[in-house]
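Only one structure is covered here, and it is reproduced in the block below.
Computed from the coordinates by the stated procedures, all read-outs in this text should not be read as laboratory data. From a predicted model like this one, the values you see are computed outputs, not experimental measurements. We place every Cβ from the backbone using ideal geometry, glycine too, and count neighbours over all the protein chains shown.
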């Protein structure tokens with residue numbers, strides 16, 4: 001009876017070590033990952049690192065020179081937010097299989113992943129999945145409101 005328990009424990013330890021190695025490998029791969037995204041208006045190209053940090057920003061074809069500050073800011077935020085969303089999906093896709101419950105006889109469960117540690121502030125708990133409104137959308141609303149600023153105002 002104890003030999004059977006020792007076999008189960010040995011199998012569980014081997015599964016745990018395999019999962020830990022897979023997590024370490026995934027973290028290593030993701031630490032070098034980036035996402036590069038262009039804004040819809042093709043004015044800005046943003047590169048985002050594995051934790052959602054902005055690592056590069058390019059202004060394309062000089063188009064930014066004819067934009068107002070709020071318009072340019074909206075383009076930058078849009079590209080950066082989409083880059084962060086792409087990285088978040090990549091991280092979750094990479095780690096999702098490791099978080100699944102194992103069907104093995106040992107009963108070892110998948111790892112409990114700390115998404116915040118895996119890719120920092122890019123993890124928004126699903127808010128980037130189309131629910132709610134992004135900062136870029138809110139800024140675009142303000143730009144539309146600001147367009148009326150050219151009209152004379154009374155004091």
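Odds and ends about this structure:
- Boolean, residue 27 is part of a helix (DSSP H, G or I) and loosely packed, with under 15 Cβ neighbours inside 10 Å: no
- Total residues in the range 51-72 satisfying the condition of being in contact with a strand residue (DSSP E or B) (Cβ under 9 Å, 6 or more places away or on another chain), assigned to a loop (DSSP other than H, G, I, E, B) and closer than 11 Å to residue 83 by Cα: the figure is 0.
- Here residue 22 clears all of (1) closer than 29 Å to residue 97 by Cβ; (2) in a loop (DSSP other than H, G, I, E, B); (3) over 14 Å from the mean Cα position of the chain (by Cα) except the condition numbered (2).
- The single condition among (1) under 30 Å from residue 95 (Cβ atoms); (2) buried (at least 16 other Cβ atoms within 10 Å of the Cβ); (3) in contact with a helix residue (DSSP H, G or I) (Cβ under 7 Å, 6 or more places away or on another chain) that residue 40 does not meet is (2).
- Any chance residue 47 is under 25 Å from residue 28 (Cα atoms), under 13 Å from the mean Cα position of the chain (by Cα), outside any loop (DSSP other than H, G, I, E, B) and in contact (Cβ under 8 Å) with a residue 12 or more places away in the chain: yes
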